[in-house]
1. Mind jotting down the distance between the C-alpha centroids of the stretch 158-176 and the stretch 1-50, whole Å?
2. When you count, for each residue, the other Cβ atoms within 10 Å and take the mean per peptide, how do 26-35, 165-174 rank with the highest first?
3. Can you return the lysines within cross-link range of residue 177? Criterion is Cα-Cα under 20 Å, with same-chain partners fewer than 8 residues away left out.
4. So what's the back-of-envelope 222 nm ellipticity for the chain, counting only DSSP H runs of four-plus at -39500 (n - 2.57) apiece and dividing by all residues, rounded to 500?
5. Hey, what's the per residue convex hull volume over the C-alpha atoms of the stretch 204-293, in cubic angstrom?
6. Largest first and to the nearest Å, give the Cα extent of the chain along each principal axis.
7. Percent antiparallel among DSSP beta bridges with both residues in the chain, to the nearest 5?
8. Give the peptides 18-25, 201-208, 42-49 in descending order of average Cβ contacts within 10 Å, highest first.
Amino acid sequence: MEINQIRYYIEVCNVGSMSKAAEKLHMSQQGLSLAIRRLEAELGCDLFYRKSSGLVLTEHGKVFKSEAEAIMRHVNRIYDYCSSGSSGKARISVAITNSVIVRLPAKLQQLLINGSEEFEVKLFEGYSSNCVDMVSDDDAVFGIVYCDCDTSKFDVTTLDMVKQVIIVSREHPLAVKDEIEIKDLDNVPMAVPDEYSTPRIELSQKFEAAGARLNVAYVCNRPRQVIDIVSNNTGLAARTIADEITERDLEKVKVLELKNDPFLLPVNLIARKDRHFSMHERLFRHMIIDSYR
């Protein structure tokens, strides 16, 4: 009997369907069914009645479910213990989108960079898509990512919503407006993030949907630097983060809202849906969420 067989069985019990459990476990239904059949063959009994309405636990299945859950609790305690380094701290791996860490609450920054008395944190930084892949591949327990995520694959907790705006110099022709549509930016020279960043991807999709051409004149991933560039260039527009703009900046740049489009991007905490958290991992997750309260 393998730990994965036990984990699969518990998931099937929880959702009551082989197909739904296979989807949550990111495996084929055929592979999951085979694993359960092998488990039943090894135990010498049926664990489910297979009916048209779904799966129903047999008496043996009910007893095995209770024992299986106890086994998994014990296994998690073992992982908890063995994941502690020589310092006695629990090791937690986190993948975070580039530059997002500077936008996190100070106590969360401290936790991720320096760890704590309880936790040794292994931090990875990269593009949002890379961070999502790391969590999906179990190379990181948690992701803090600047993008929307597939809720069928991940447990997603939105930590923050970051407002994006378009800015131009006070001398730019568009500065007479307070609101614009994407089509107003057709072929206007723009300063934008690089092509793999979430804001650039989102902006490109908006241009494509509007049938407008995104004219990339300058690539820059730093919101503050973008504001300075636009302040000194009367022909340039740019996307930046609203709360990076200061009162002093507004003497030189004009903020343009996108009409009927709030242009918000989430900062999400993600973990795999099928992950069985250890006690330390659950505590660490709560610490991340609590830092926003």
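The values are calculated or read from the model by the stated rules, or taken from the named source; none is laboratory data. Note that the coordinates shown come from a computational prediction; the quantities given were computed from them, not determined experimentally. Positions of Cβ are backbone-derived with ideal geometry, glycine not excepted, and every protein chain shown enters the neighbour counts. Surface accessibility is based on the protein's heavy atoms, side chains included, excluding ligands, DNA and RNA. Shrake-Rupley method; radii C 1.70, N 1.55, O 1.52, S 1.80 Å.
1. 51
2. 165-174, 26-35
3. Hits, sequence-local ones excluded: 163, 206, 252, 254, 259.
4. -12000 deg cm²/dmol
5. In the stretch 204-293, the Cα hull volume divided by residue count equals 180 Å³.
6. Per principal axis, max minus min of the Cα coordinates gives 80, 50, 27 Å.
7. Close to 60 percent.
8. In decreasing order of mean packing, 18-25, 201-208, 42-49 become 18-25, 201-208, 42-49.
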